[in-house]
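The values are calculated or read from the model by the stated rules, or taken from the named source; none is laboratory data. For clarity, every value in this text was computed on a predicted model and none was experimentally measured. Positions of Cβ are backbone-derived with ideal geometry, glycine not excepted, and every protein chain shown enters the neighbour counts. These area figures cover heavy atoms from the full protein model, side chains too; ligands, DNA and RNA do not enter into them. Shrake-Rupley method; radii C 1.70, N 1.55, O 1.52, S 1.80 Å.
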Amino acid sequence: MTQVALGEDGEGLGPNEEFTTHDDVDTIGDLFSEHYVGSILHGGSSGPTQDGTEFVSGLNDLQEYNVENTDHGVPFIWGGDALHGNCFLDGCTSFPQRLNMGATRDLERVEAAAMHTGESVAAMGGHWNFGPTADLLRDMRWGRFFEGHSEDAMLLGEMARVRARGFECHDQVAATVKHFSGYGTPNIGNDRAHVRTSLRDLRTRQFPPQERALEEAKTVMVNSGAVNGKPAHASEWLLTTVLREHYEFDGVILTDWDDFDRKISNHEYVPDTEDGWRRAVKGGLDAGIDMCMCGAETPPTRFIETTIELVEDGEIDEQRIDESVRRILELKRDVGLLEEPYADETAIEGLVGGAQDVSEQLAKESLVLLENDDGTLPLEGSEEVLLTGPGVDNGTENRFLMQHGGWTLGWQGVEEGEPTEDGPRPRQSTIAGELSDRLGNRFTHVPTSFEADPYGTVQDFENGRFDLTDEQSDAIIDAAGTADAAVVVLGEGPHNEGFGDRDRMRLPEAQQELVALLADELDDEVPLVGVILAGSPRGTDETFQHLDSILFAGQPGSDTGVAVADVLFGEYNPSGKLPFTWESNVGFTPLFYDDYPPRQSVGAEDGMVQYEFGHGRSYTDWEYSAVSLSTNTVESPSSKPTVTAEVTVENTGDIDGEHIVEVYNTKSYGSVLQPHRRLVGFERVQVDAGDSVTVTVELDLSTLEVVPGDVPGTQPKVVEAGEYELSVGDRTMTLTIGQTEGISESEAIPIPHADSTENSRTARNLLALFQ
Ligand code: BGC
C-alpha cells in the first residue's frame, strides 16, 4: 500500500544505491527487501535518465532485485505522469497539452495520442499513468489550467474517457482519473486550496466528467484540497459513498503526493504531532484510500509503521487492509505484471518521438483563430516577414520554449538546474525554424528575451521572465521599415501546480511594450499578427487592440512550428474552438459559459467576456441550412438517453476547411435554474469550398440533467419535462421531453445526514423541510 517517489534527491534505479530522499531507508533495494514497498513513481515526468533504453534496463534490474529478494516475489508497479505524451524521454513526442486537446473536439485523434502514450509507457517498463486529468476548469488563475481540457463537463468527460481508454488500450498500463473531486476549482485559483462548491455543483458539474472517465480507468487519484471544509483525503463520503458505492468503482484509490502529510502542513486539519499524523493516516484509510504516495515529505516507513500500529491497536480492521491489498494485487494482475514483470528492452527505442502524424494534426486542429480583421490571414507566403517575441527558438535560455508547458521532461516543463544548449529536448519544430525554412531570405527574426522562471511567486510572477532590450527594440525598428507583415509571439512560459498560479490575465509588460512598438513602427497597411503560446487565456484588449489577427496557439507541443506556419500561410484552415471562456479582465474570473443566469451583473452585460466558449474563426464562411432532430419528442429520457440532430453545413467561402458543429441547449425552464447555455453534442467535419455536408450529431440528453429541489440539492438528478430549445449557430430546434426522469442516476447519491450523530435533530428537520 506504499508508493515511494524515487529520484527526488537524484538517486538512480540501482538496488545498491543509497536511498537519498529520506534517511529511514538505506538503499533503494531495501525499499523492497526490508519494507515491502509495492509501488514506485518518478514524479513530475522526470526520471533518473531521459534515455528510454537505459531507463527500462534499470527498471528491469530493480524489478529483478525486488522479485528475488522479497519472500512474496510480487512485482512492484511503476507509475508516472505521461500526461501529453511519454514526456519522460529525450526526443519524445510532446503532444498538444490538454487545453489544446479540448480545442480540437477531436476525440478520435486525442485517443490515438493516448494510445501511443500508453504503449510508450509500457515499453519503458511502466504500468501506471497518472492521467487523464478530469478536473473541471473555471479559473484561469489556477496554475494547472493548461491540464484541464475544458470548462464544459461533457467535453471534459469525453476527452478524459477516451484518453483513459487510450492509455489502457494494450492492457499493460492503468490509467488514473484525477483528482477526485473538485480539484479544478480551488479557492481564488490557488492550487491545492479548498474548494467552495455545493452538492448541486458537485453532482451536475464536478462528478460527471470523472464518472465518464471512470468507465475506462483502473485507478483514481484524490484531490489534494478540501471540499466544503473537508479534506478530500479524509472524506468517506467522497471516496466510499460516492466513488465506491454509488459509482461502483472497485479499482485502486491512490493519494496524491504526500497528501496525508498535507493534512498537517496545508490544511491544518490535524496537529503536527505523532497523534496528528496517526489521525491523518487513519482518516485516509477509513475514507477508502488504498495506497499512499510518499513524496519528499513522507518517509515511507512512517506510513508503513503507522498503518501496522493502527491494525495492531485495533483501530483499523485487518480486513480493511486486505481489501486494499486485494485491489492492488488485482491491478498488478490486470496489467500483466504477475505474468511478466520485465519489459522488453528493445521496444522503447522505436517509439520515442513517434506518432508524429497524430501530433501534427492535433496541433493544427487545436489552434484557435480569435481575430482576423479584413482577412489579414492567411499570408501569401511571398512577403518579407518580421518574426519577434519571446520563447520561439532553440537556445539555452529558452530551454523548452513556450510551446510545451509543464510535465515535459520535468515537472515545470523546463530543464531543471543549469540549462544546457544541447540538452534534453522533446522532438520539436519551432515557429522560428519553420518560418525560416519557408521564407528563406525573406525572413527576419528578432528574438526578445525570455527565461523560464518556474519558481516565481504569485506576486511578481509572469510565468517567465520577459524583457525587451534597447538593442532588440532597435533591431525591430530597423526590420519594421521593410517588413510586409509582422508576426509577434506572445504568452507565458511553462509552469505547473502552485508555482504556476497567477493573479493576472494581461500579458507581461515587456510584451505589451513590444506590441505597442510594432504598432507604432509598422506602416498602417502592414499586418501585425499575434500568436499566443500559453496554457491559459493570456492577454487583454490593451494588447489585442493593436493586433490585426490573433491566433491562440496554446501549448501545441512538438509540432508547433509546422502547425503555426501552416495556419499563417493558409496550408491549414484553422478550426479549433475555445474550450473555455476568455474573460476580458482577471477581475471577472471565474466566469464560465454554463453558469446560471444572470451570468453577468445586471447593467454590466457588455464587456465582461473577451471571447466566448466555443469561439474560433476560420478562413472560410460556414452556413447551416436544414437542421432536424431524429425525434422532436422524447417521452422517456431514461429509456432514450440520446437523440441525433442532422445539420447541413455549407462551406460558402472559397477555401476548404474543417468545422466543428456544436449543438447547444439555449433555453429551457424547470423547477431550478438552468444553465445560461450548455453543450449537448459536437462533431468535427471536413467540407470542401462550395460544398455542403449533412452531419449527424449525437446529443447526450444527460447533459440536460439538473438536481431538482431546494437549496441542499439532495434529490436524484433528472431531465425535467418541458421544451428545450437547441441551437446550431443561428438555427434552432425544439425538443420536448415528456416525463421528468433521470438518466445517469437511478437513485440519489446518499447524503450522510439522517443517521449521523453529528447532525442535530434541528438539521434533520431543516433538511426535511427543504425536500
Ligand atoms: C500532482 C499529481 C501527480 C503527482 C505525481 C502531484 O504533485 O498533483 O497530479 O500525479 O504529483 O507526480
Of the lysine pairs in the chain, how many meet both conditions: Cα atoms under 16 Å apart, and a spacing of 8 or more in sequence or different chains?
7
Among 117, 53, 137, pick out the residue whose Cα is farthest towards the positive end of the charge dipole of the range 21-174, where Lys and Arg carry +1 and Asp and Glu carry -1 on C-beta, about the Cα centre.
137
Using Cα pairs closer than 8 Å and at least 6 residues apart in sequence, work out the relative contact order for the chain, in percent.
13 percent
If amide hydrogens are placed 1.01 Å from N in the peptide plane, which non-local residues have theirs closer than 5 Å to the one on residue 584?
609, 610
When the dipole is taken about the Cα centre of the chain, and only Lys, Arg (+1) and Asp, Glu (-1) are charged at their Cβ, what size is it in debye, to the nearest 20?
2920 debye
What does the charge dipole of the range 3-350 about its Cα centre add up to, to the nearest 20 debye, if the Cβ of each Lys and Arg holds +1 and the Cβ of each Asp and Glu holds -1?
2200 debye
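Calculate, in whole percent, how much of the Cα-Cα pair population of the chain lies beyond 35 Å.
Summing the P(r) of the chain above 35 Å gives 46 percent of all pairs.
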Using θ = phi - 60° and Karplus 6.51 cos²θ - 1.76 cosθ + 1.60, couplings along the range 249-255 (whole Hz; Gly, Pro as x)
8, 10, x, 7, 9, 10, 6
Computed over the range 622-737, the Cα gyration tensor eigenvalues, each multiplied by 5 and square-rooted, give semi-axes in Å (largest first) of 31, 13, 11
From the residues 701, 476, 181, which one has its Cα farthest along the dipole of the chain in the positive direction, the dipole being from +1 and -1 charges on Cβ of Lys/Arg and Asp/Glu about the Cα centre?
701
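Between residue 323 and residue 20, what is the FRET efficiency for a Förster distance of 30 Å, r being their Cβ-Cβ separation, to the nearest 0.05?
0.35
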Could you do me a favour and compute the accessible area per residue for the range 3-350, 1.4 Å probe, result in Å²?
32 Å²
For the range 393-511, what log10 I(q)/I(0) values come out of the Debye formula at q = 0.11, 0.19, 0.22 1/Å, with one point per alpha carbon and no solvent?
-0.41, -1.10, -1.31
Compute the distance in nm between two label points, each set 7 Å from the Cα along the Cα-to-Cβ direction, one at residue 545 and one at residue 520.
1.6 nm
Rounded to a whole %, the carbon-and-sulfur portion of the accessible area of the range 472-604 at a 1.4 Å probe is 44 percent
Any idea of the accessible area per residue across the range 622-737, 1.4 Å probe, to the nearest Å²?
41 Å²
Could you tell me what percent of the accessible area of the range 3-350 is made up of carbon and sulfur, with a 1.4 Å probe and every protein chain present?
41 percent
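Leaving ligands, DNA and RNA out of it, report the carbon-plus-sulfur percent of the accessible area of the range 622-737 at a 1.4 Å probe.
Answer for the range 622-737: carbon and sulfur cover 44 percent of the accessible area.
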